[in-house]
Amino acid sequence: MHPSDTLIPCRMTNLEQVRNDESGDLGFDFFAKKPSEFFTVTILTVCGIENNRRLINAVKKTIKRKLPNGQSEMKGAKDSIGVKNYFYRQVSTVPFDIYSLTLNKRRVYDSLAKQKDRVYNFIARNALERIPVNNATTRIEVIIDKSKSKKEIREFNEYIIRHIKGRIDLRIPLDIYHWTSHENMGLQAVDTFS
């Protein structure tokens, strides 16, 4: 059972942390290589500094108590069911929401398959559009798993800001950060769900 099933979900009334992670790849050569069939963008939202702190502490506690020595990062695709269950129990009282969107890569037009950045930006934007940002009252922080060049980051940020700014009060600050999962433990939390 997801924590939102038993708790009042976050409705973006104070600091909102939006973390974005992906699974799969954006390779489209199904004949010469073996790319994933699907590409999924998963977003975890958590409202408030205290709830964010509780989520981060759950990640730290899970790493410290459940991961093998030498492993310093939670990875959804590699962690055992036992590790995931332990983490889920740690966050069971933290109100957060999960949004996910999956692309069947075989259905992408050939012309778009050559423009992987545009495909990624489009999927991420569509997933972000599901989040009720119009209720935000203080600040929105979007944290992206860093995987792009400086130019791609700039284009992504401009694209996302253009789409989100039209849905929020102009006085609400919107910040986008690109960090590795080592720099932001909240990204490890969303990776567990992706």
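The values are calculated or read from the model by the stated rules, or taken from the named source; none is laboratory data. Fair warning: this is a prediction, and the values are worked out from it, not measured in the lab. With ideal geometry, Cβ positions are generated from the backbone for all residues, glycine too; neighbour counts draw on all protein chains shown.
Restricting attention to region 133-158 and to residues that are over 21 Å from Gly186 (Cα atoms) and hydroxyl-bearing (Ser, Thr, Tyr), the residue that is surrounded by the most Cβ atoms within 10 Å (Cβ to Cβ) turns out to be Thr137.
Candidates in region 88-119 are the residues that are modelled with pLDDT under 90 and in a loop (DSSP other than H, G, I, E, B); of these, the one that is surrounded by the most Cβ atoms within 10 Å (Cβ to Cβ) is Val108.
Just checking, does region 121-130 include any residue being at negative phi and assigned to a loop (DSSP other than H, G, I, E, B)? Within region 121-130, one or more residues are at negative phi and assigned to a loop (DSSP other than H, G, I, E, B).
With the structure loaded, tell me whether Arg130 is surrounded by fewer than 16 Cβ atoms within 10 Å (Cβ to Cβ), among the charged types (D, E, K, R) and closer than 17 Å to Val18 by Cα or whether it fails that test. Against the criterion (surrounded by fewer than 16 Cβ atoms within 10 Å (Cβ to Cβ), among the charged types (D, E, K, R) and closer than 17 Å to Val18 by Cα), Arg130 qualifies. Of all residues in region 167-184, those satisfying the criterion of being of a type outside the set (S, T, N, Q) and either under 20 Å from Val41 (Cβ atoms) or part of a helix (DSSP H, G or I) (or both) are Arg167, Leu174, Asp175, Ile176, Tyr177, His178, Trp179, Glu183. Taken over region 132-166, the residue count meeting the criterion of being in a loop (DSSP other than H, G, I, E, B) and modelled with pLDDT of 90 or more is 2.
Residues checked against (1) over 19 Å from Ala124 (Cα atoms); (2) modelled with pLDDT under 95; (3) in a strand (DSSP E or B); (4) in contact with a Pro (Cβ under 8 Å, 6 or more places away or on another chain):
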residue: Met1; (1), (2), (3), (4): yes, yes, no, no
residue: Val18; (1), (2), (3), (4): no, yes, yes, no
residue: Phe31; (1), (2), (3), (4): yes, yes, no, no
residue: Phe39; (1), (2), (3), (4): no, yes, yes, no
residue: Leu44; (1), (2), (3), (4): no, yes, yes, no
residue: Asn57; (1), (2), (3), (4): yes, no, no, no
residue: Pro68; (1), (2), (3), (4): yes, yes, no, no
residue: Met74; (1), (2), (3), (4): yes, yes, no, no
residue: Tyr86; (1), (2), (3), (4): yes, no, no, no
